[in-house]
Structure formats: structure tokens, C-alpha cells
Amino acid sequence: MTHSKTFRTRVLGAAAVALLGAFAASPANAADDPLAKLKEQGFVRIGIANEPPYTAVKPDGTVSGAAPDVARAVMGKLGVGDVVGSISEYGAMIPGLQARRFDVITAGLFMKPERCRAVAYSQPILCDAEAFALKKGNPLQLTSYQDIAKNPKAKIGAPGGGTEEKLALDAGVPRDRVIVVPDPQSGLKMLQDGRIDVYSLPVLSIHDLVTKANDPNVEVVAPVKGAPVYCDGAAFRKQDVALRDAFDKVLAEMKASGEFAKIVEPYGFSAEAAKQTNREQLCGGPN
């Protein structure tokens, strides 16, 4: 009798240890495999800027725009059911990604070597040039960032931490004449009110903003003289390279099949431009 009870206790103890071991192993495995974790939670949280046509948030909270639509399609093929947007200023996106406030940035965050050192980019998705919105007639004759630097009266509005802010500063525009603007609507209002003389965003974003405003007193200069053409990519944490590589594999298949073009071209982006460059060229080396 005693022998039987002892044996039973040992069997239950071994089973309990095995069960506890399984529970202990599960979270570790999920942590080691970010794709498995995303599949389990059923959605991926994406960092966006609410800057059409790159990204947009509808009144009901639905996320759209070229970058989220590509991410939704790729992630769907990887078994992740949906995307949830988290709006952020450009300058806060990489810190937000690193702090795990979202899983990936899909916001028109153009690839530059310094950003490539901080995040793991996918292959190119959206390519664009730079544009200016100005008062009708372009009274200060601003067609380049250098023109703004040379005119001591000219003030430019740009997204904080964005490409346009850096281009202006690199061209020699003093810091006190580069005004950080929180969102496109605020930038347009500041231009209309005369608080800035030019508002700068990528070509497609400026055209979308000005077209919707339907203000005859605002015009567009595009592309900005001397400004480079940029491409973005989905940006992942450096430790999530395996997830990035899985994303890249599906993205390449979509580019080859024509599905990618069907998503981005209705927004005005060139699928061919994204196919003819690569991450290594834009980052200045492996990423």
C-alpha cells in the first residue's frame, strides 16, 4: 500500500514537472520568434504618421494608405490577421519601435544610413521626391532648400525628425527658421496664416494635402531642385531580422506577381521605382 502511494506520487510529480516545463518553455519560444508571437495575438501594431497617401487613419480608426496596405497584405500571407495603427511623429518612430510601442514602422520613413544603423529595413516599398507648398505666385521664389537658406526672411515648416527638416538644416537654413510642424494640416494652416513661407513634404503628400484644401492661394513646387529621391521600407527592430527576412520574402513574391503594383500604384507610387533599387544601395551597405 505504502509502495503504491509512493509510486503514484512520483508519477504525478514527474507529470507536474513536465507540465511546468512546457509552460516555462512556451513564453521563451514565443519571445525568440516574433512572427509566432504576432500570429498568436492576431495582429501587428504598426507605427504610422497619418500622412496620406503614405498612411491614413479614417474616422472609425481604420488604418489605410499605401504603406499600411502593403504591410497588411504581407503580414496576412505570413499568417497575421490584421494591422493596428499607432500614430507617431517621425522623430519619435525609431525610439517608439525600440521601446516596443509598436512592432514595425510602415510610415514613409525613408531609408538613410543613420536610420539603417538603428533599425532593420525591408527592401524598398515606396519611393518619392520632395515638394514645397507655398503662397500663390511663390513670392520669395523658393525652389530649393538652398534658396530658403539664402533668404533671411524665409521660414520653412517640416515634420519633426523627418527628412525635410534634415534637408533644410543641411542646406544651411538656421534652426530658428526651421519650424517643426506636428502634422500636415497644421503645416498648411501655418502657411495660410503666414507663420511660415513654405511647407515641405514628399511630392505625393503635398499634392494630396493641397488638393484636399482646394485653396487657390496655395501652389506647389515639385520636385524640389537638388533634393534626392528617397525610398522607404518597413522598419523592424535590429533583433527582429528573421521577421524582416520573412517579410522580404513575401514582398519579393508580391513584386514579381504584380500584386505589389496593384496596391501602391492607385496611390500614385511607382512599383517599378521600388523594384529597381535595393536596401543595400539606400543604406550604403548591408542592413
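Rundown of residues vs (1) of a type in the set (Gly, Ala, Ser); (2) closer than 30 Å to Leu140 by Cα; (3) loosely packed, with under 15 Cβ neighbours inside 10 Å, yes/no style:
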| site | (1), (2), (3) |
| --- | --- |
| Met190 | no, yes, no |
| Arg195 | no, yes, yes |
| Val203 | no, yes, no |
| Val218 | no, yes, no |
| Ala222 | yes, yes, no |
| Ala235 | yes, no, no |
| Met254 | no, no, no |
| Gln276 | no, no, yes |
**Report entry** Any hit, the stretch 199-222, residues being of a type in the set (Lys, Arg), out of contact with any Gly (no Cβ under 6 Å at 6 or more places or on another chain) and at pLDDT 95 or above
**Finding:** no
Query raised in the report: Could we say that Lys136 is within 29 Å of Tyr267 (Cα to Cα) and surrounded by fewer than 18 Cβ atoms within 10 Å (Cβ to Cβ) here?
Result: yes
Report summary line: Ile87: passes all of (1) farther than 22 Å from Pro34 by Cα; (2) in contact (Cβ under 8 Å) with a residue 24 or more places away in the chain but (1)
Query raised in the report: Of the residues that make up the stretch 27-49, is at least one at pLDDT 95 or above and touching a Pro at 6+ places or on another chain (Cβ under 9 Å)?
Result: yes
Requested in this report: For the stretch 224-233, enumerate the residues that are among the charged types (D, E, K, R) and surrounded by fewer than 19 Cβ atoms within 10 Å (Cβ to Cβ).
Outcome: Lys225
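Per-residue answers, yes or no, for (1) among the aromatic types (Phe, Trp, Tyr); (2) in a loop (DSSP other than H, G, I, E, B); (3) assigned by TED's automatic domain parsing to the domain that holds Lys249:
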site	(1), (2), (3)
Tyr54	yes, yes, yes
Asp60	no, yes, yes
Pro68	no, no, yes
Ala73	no, no, yes
Gly79	no, yes, yes
Query raised in the report: If the Cβ limit is 6 Å and pairs must be 6+ apart or interchain, which residue in the stretch 35-60 that is in contact (Cβ under 8 Å) with a residue 24 or more places away in the chain pairs with which residue that is among the polar types (S, T, N, Q)?
Result: Arg45/Ser86; Ile46/Thr106; Gly47/Ser86; Gly47/Ser88; Ile48/Thr55; Ala49/Thr55; Glu51/Ser205; Val57/Asn50
Query - Criterion violated by Val180 - all others in (1) touching an Asp or Glu at 6+ places or on another chain (Cβ under 8 Å); (2) within 30 Å of Asp245 (Cβ to Cβ) satisfied - result: (2)
Query raised in the report: When you scan the stretch 111-133, how many residues do you find that are acidic (Asp, Glu), in contact (Cβ under 8 Å) with a residue 24 or more places away in the chain and farther than 28 Å from Pro266 by Cα?
Result: 0
Query - Filter pass, Val241 being at pLDDT 95 or above and touching a Lys or Arg at 6+ places or on another chain (Cβ under 9 Å) - result: no
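The values are calculated or read from the model by the stated rules, or taken from the named source; none is laboratory data. Note that the structure is predicted; figures quoted are calculated from it, not measured. Here the Cβ is made from the backbone with ideal geometry for all residues, glycine too, and neighbour counts use every protein chain on show.
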